[in-house]
Amino acid sequence: MRLDVVSIFPEYLAPLDLSLIGKARTEGLLELAVHDLRSYTQDRHRTVDDTPYGGGAGMVMKPEPWAQALEDIAGASVAAADGAAPGRKPILIVPSPAGEVFTQRLARELAEEDHLVFACGRYEGIDERVLEWAAGQYTVRPLSLGDYVLNGGEVAVLAMVEAIGRLIPGVVGNPESLVEESHSDGLLEYPVYTKPSSWRDREVPEVLLSGNHGKIAKFRREHQLRRTAARRPDLLDKLDVSNFSKTERNVLWDLGYAVVDGRAVRRPGEPSGE
Ligand code: ADE
């Protein structure tokens, strides 16, 4: 997979040299380039922003440097394909609190792509016409990390590249660890423990020491459901539970949910909790 990141703070992306993503780059699983938006400006002051039409606080990123950068990167993408069957358009990800929420499902979808380009906005954002214009060469996806506001797209790119990159085959050493993790099946992960089995008067749940794999799986499943009901009931509301076993349905019932038409529905008057 090829990744390009455009930012006025290229040093912000330095952590992408580290850890699993850094290793994936050295091993050639990921090809990643960071571009300084200011190198695509034409004026002496390397200007990237200006005041907003219509007034209001803050500055808006000017369209010209963005067009130059995105044109260059898309051009290199076409050149790299070099006569091969015309591929899909590269994806242009624009991190923004006004974007669609980035989820594990989206990370999985994007991990299948050949080329992702990230446009890090700063200030009040990028002139909207850039996104409209870029749709000619890119599939444009404004994406948000969540319902809060960051100072720019760089931190969001670090998070998204890590979430997407680790799903590329070979990046995470043991692919099993991608199976039983939070959000892999619409639920939060179960609690985990390691040695010592007794620590500051707190014991590891006995079933985990039993070696009984059936009982351990049941314990973990129950705690996945308990934790999700307590911390993220919105996830339970969305879950398809039509294939849930009798045991799983019983746990849901204890948590205050009934199964109706394949959905977990809160029973009136029943509080849900861990
Ligand atoms: N830029 C500013 N806030 C953001 C957010 N919540 N998600 C993604 N990019 C952002």
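Things to note:
- By DSSP, the beta bridges lying fully in the chain are antiparallel in about 30 percent of cases.
- Within the chain, longest stretch clear of exposed trypsin sites (Lys or Arg not before Pro) (DSSP loop, no more than 11 other Cβ within 10 Å): 89-199
- Degrees separating the helix 154-165 axis from the principal Cα axis of the chain, which is the longest one: 60
- In this structure, the amide hydrogen of residue 257, modeled 1.01 Å from its nitrogen in the peptide plane, lies closer than 5 angstrom to those of 267, counting only residues at least 5 positions away or on a different chain.
- Across 181, 189, 206, mean-square fluctuation computed from a Gaussian network of the chain (C-alpha pairs under 10 Å connected) peaks at 206.
- Principal-axis tilt of helix 63-81 within the chain, Cα atoms, nearest 10 degrees: 70
- Placed amide H near residue 193: partners under 5 Å, 5+ positions off or other chain: none
- In a DSSP loop and with at most 14 other Cβ atoms within 10 Å, the chymotrypsin sites (Phe, Trp or Tyr not before Pro) in region 119-185 are 148.
- Rel. contact order, % - alpha carbon contacts under 8 angstrom, at least six apart, the chain: 16
- Diffusion coefficient of region 1-96 by Stokes-Einstein, Kirkwood radius over Cα pairs, 4 °C, 1.567 mPa s: 83 µm²/s.
- Here the chain is described by how far its Cα atoms reach on the three principal axes: 69, 46, 46 Å, from widest to narrowest.
- Label positions at residue 192 and residue 212, each projected 7 Å from the Cα along the C-beta direction, are separated by 2.5 nm.
- Solvent-free Debye scattering, log10 I(q)/I(0), computed from the Cα coordinates of region 98-166 at q = 0.11, 0.24 Å⁻¹: -0.26, -1.27
- Relative contact order of region 118-203, pairs being alpha-carbon contacts under 8 Å that are 6 or more residues apart, as %: 22
- Surface per residue (accessible, 1.4 Å probe) for region 103-261, Å²: 58
- Converting phi to 3J(HN,Hα) with the Karplus coefficients 6.51, -1.76 and 1.60 and the offset θ = phi - 60°, region 139-150 yields 8, 8, 10, x, 10, 10, 6, x, 7, 7, 10, 9 Hz in sequence order, with x at every glycine or proline.
- Placing a pseudo-label 7 Å from each Cα along the Cα-to-Cβ vector at residue 43 and residue 150 gives an inter-label distance of 2.8 nm.
- Region 59-159: antiparallel DSSP beta bridges as a percent of all, rounded to 5: 10
- Rg/Rh ratio calculated on Cα atoms of region 71-211 (Kirkwood radius): 1.12
The values are calculated or read from the model by the stated rules, or taken from the named source; none is laboratory data. Computed from a predicted model, the values in this text were never measured in an experiment. Virtual Cβ from ideal backbone geometry, glycine too; neighbours counted across all protein chains shown. For the accessible areas, the whole protein counts, side chains as well, though only heavy atoms, and no ligand, DNA or RNA atoms are used. Shrake-Rupley method; radii C 1.70, N 1.55, O 1.52, S 1.80 Å.
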